[in-house]
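Notes to accompany the following structure.
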Amino acid sequence: MRKALTGVLSFAMLVGTATAAGATTTAATAAESATGTQAGQRAAQDIKDRILAIPGMSLIEEKPHPGYRFFVLNYTQPVDHRRPGKGTFQQRITLLHKDTTRPTVFFTSGYGLNTNPRRSEPTAIIDGNQVSMEYRFFTPSRPDPADWSKLDIWQAAGDQHRIHTALKRIYDRKWLSTGGSKGGMTATYYERFYPRDMDGVVAYVAPNDVVNNEDKAYDRFLAQVGTEECRTRLNNVQREALIRRGPLHELYRKQAAERGYTFNTIGSMDKAFEAVVLDFTWGFWQYSRAADCAAIPVAADSTDQELFEVIDTISGFSFYTDQGLAPYTPYYYQAGTELGSPDIEQPHLKGLSRYGYQPPRNFVPQDISMRFKPKAMKDVDRWVRHHGTRMMFVNGQNDPWSAEPFRLGKGSRDSYVYTVPGANHGANVAGLPAEEKAAATASILKWAGVAPASVQQNESKAKRLTPYDSKLDKRDLEREPTLRP
């Protein structure tokens, strides 16, 4: 527009016959005409063509969904944002397109990418577009060769920043970032490094392990969560499994032989077996509800097969095999270099556990070097407390990962922490008590710039702007390794 306006004014000055008022009117009219023409051209151009005109963007496929366009895309990213000329890789993203006049949500799971149309809770609340990003180093979004030193929270935030910068030219309304678990952590780290990109952050069940070697908060949580009867029942399953290590080993060996499991990364089947057993109580509270405790068998009365099956259902004997660990090598690498990881005592297993809670180093191939950076999480925690603005953290009361949550401080502005009663690692705004649900929904609508006048005047009237869609709003609760957020 500036170029068009300058050209019109220069033309008026050269002609020299119009009055000053006339020249101004002519310039304004011409500028409006030029702007209208450009807007019309953009409107006439297919959204796919506009997206693919972005340098480095390419189409993998388009999938239809009523009311939306859904694209699976590749975007060329530098391996190292500090030295962008030293190699690139293809990063997968998806785009759920509603309308360029709607706000946009930037979603990340912190892991791989679901290539089916889905929308996060904030996207449904604001009736917006959604961009989803596969985290770097999760296949196929992995540089080749893989320089693991380039997998850190700053580099990942750089990925998001470049994607946002590229798409902001098309989606120029408000943007929110969101994610659950490691995705919520990712949204928070992105905000820390690029606080001007987003207009709000909604982070679900995001752990905040500020001091990695001090995990008493998790011990206190496991000693108090639920009822004493339920805790005892869960603990007894773990004890009995370790007491019957021999016969349960035989069941595990049989399963491994049938499914082709190997144990090179963790070192032995015994280490994998114990890691799964020690995950059991944590895994129950991460994925289940207090009422589900009634289905846990009495350990002393259970057969070996029954014990094996209940542990397999909750924490999964496949997870510490080479086949189970391989997809999550990037997570365990980050847990052992920046994010931190829980190390809980479980005193009821004293004398039975041979290895204790094993560190992330045990879950990453030995040829990948790792060095922990203790300042990374302290920096993010400090930034949230002193500078966090328009940030929302939603935690689950019975979720182990919420035992060490993000905290707000005197420097936080228009930011909130909510805890969903009785909720596990799937806690969301919809599960909050009515008054808090309305307040949280109102904040999301306001940050996105789409709060109706009624909500501006009275937050209690806030509700999501879209009806429930059984396909788009489906939650894909894939069973994954328990001790990861």
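The values are calculated or read from the model by the stated rules, or taken from the named source; none is laboratory data. Here the structure is a predicted model, which is why all the values come from computation and not from measurement. With ideal geometry, Cβ positions are generated from the backbone for all residues, glycine too; neighbour counts draw on all protein chains shown. Surface areas here come from the heavy atoms of the whole protein model, side chains and all, with no ligands, DNA or RNA. Shrake-Rupley method; radii C 1.70, N 1.55, O 1.52, S 1.80 Å.
Please figure out what share of the DSSP beta bridges in the chain is antiparallel and state it in percent, rounded to the nearest 5.
Bridges in the chain are about 50 percent antiparallel.
Could you give the DSSP H helices of the chain that reach 27 angstrom or more along their long axis (alpha carbon positions) and whose average Kyte-Doolittle hydropathy is no lower than -0.5?
Helices meeting the span and hydropathy rule in the chain are 20-44.
Using +1 at the Cβ of each Lys and Arg and -1 at the Cβ of each Asp and Glu in the chain, identify which of M370, I125, M269 lies farthest towards the dipole's positive end.
About the Cα centre, the residue reaching furthest to the positive side is I125.
I'd like the Karplus ³J(HN,Hα) series for region 91-101: coefficients 6.51, -1.76, 1.60, θ = phi - 60°, whole numbers in Hz, and an x wherever there's a Gly or Pro.
Here the 3J(HN,Hα) series is 10, 7, 9, 10, 9, 9, 8, 9, 5, 5, 8 Hz.
In debye, nearest 20, what is the charge dipole magnitude of region 383-485 about its Cα centre with +1 on Lys and Arg Cβ and -1 on Asp and Glu Cβ, if you could check? Spell out each step's value before the answer.
Working: 15 positive and 11 negative charges, 58 e Å.
In debye, rounded to 20, region 383-485 gives about 280.
Over the chain, what is the relative contact order in percent, taking alpha-carbon pairs closer than 8 angstrom and at least six residues apart?
15 percent
Per residue, what volume in Å³ does the convex hull of the Cα atoms of region 374-423 enclose?
Expressed per residue, the convex hull around the Cα atoms of region 374-423 is 68 Å³.
Quick one: go through region 145-184 and flag any residue whose amide nitrogen is under 12 Å from the point 7 Å out along the Cα-to-Cβ line of R371.
149
What does the helix-only formula give at 222 nm for the chain: each DSSP H stretch with n ≥ 4 adding -39500 (n - 2.57), the total divided by the residues, and the result rounded to the nearest 500 deg cm²/dmol?
Calculated mean residue ellipticity at 222 nm is -12000 deg cm²/dmol.
Across region 326-343, in residue order, what do the Karplus-derived ³J(HN,Hα) couplings come to in whole Hz, using 6.51 cos²θ - 1.76 cosθ + 1.60 with θ = phi - 60° and x for Gly and Pro?
Karplus-based 3J(HN,Hα) across region 326-343 equals 3, x, 10, 3, x, 5, 5, 4, 5, 4, x, 10, 9, 6, x, 8, x, 9 Hz.
Counting only residues 5 or more places away or on other chains, whose amide H sits under 5 Å from the amide H of T88 once H atoms are built in the peptide plane?
HN-HN under 5 Å from T88: V79.
Which distance in Å, rounded to a whole number, links the C-alpha centroids of region 257-284 and region 171-222?
After rounding, the separation between the Cα centres reads 29 Å.
Work out the length of the dipole vector of the chain about its Cα centre, built from +1 on the beta-carbon of each Lys and Arg and -1 on the beta-carbon of each Asp and Glu, and round it to the nearest 20 debye.
On the way: 61 positive and 54 negative charges, 351 e Å.
Dipole of the chain, to the nearest 20 debye: 1680 debye.
Skipping prolines and chain starts, which residues have an amide H placed within reach, meaning under 5 Å, of the one on L176, given they are 5 or more residues away or on another chain?
T104, V105, F106, D199
Using unit Cβ charges (K, R positive; D, E negative) and no other charged atoms, how large, in debye to the nearest 20, is the dipole of region 349-420 about its Cα centre?
Around 320 debye, computed over region 349-420.
Could you calculate the FRET efficiency of V298 with K216 from 1/(1 + (r/R0)^6), where r is the beta carbon distance between them and R0 is 30 Å, rounded to 0.05?
0.50
Over region 104-169, give the accessible area per residue in Å² for a 1.4 Å probe, as an integer.
28 Å²
Between Q397 and R83, how high is the FRET efficiency from 1/(1 + (r/R0)^6) when r is the Cβ-Cβ distance and R₀ = 41 Å? Nearest 0.05.
Computed FRET efficiency for Q397 and R83 comes out at 0.35.
Quick one: pull the percentage of alpha-carbon pairs in the chain with a separation above 30 Å.
53 percent
Please tell me the relative contact order of region 271-381 in percent, rounded to the nearest whole number, where contacts are Cα pairs under 8 Å and at least six residues apart.
RCO, region 271-381: 32 percent.
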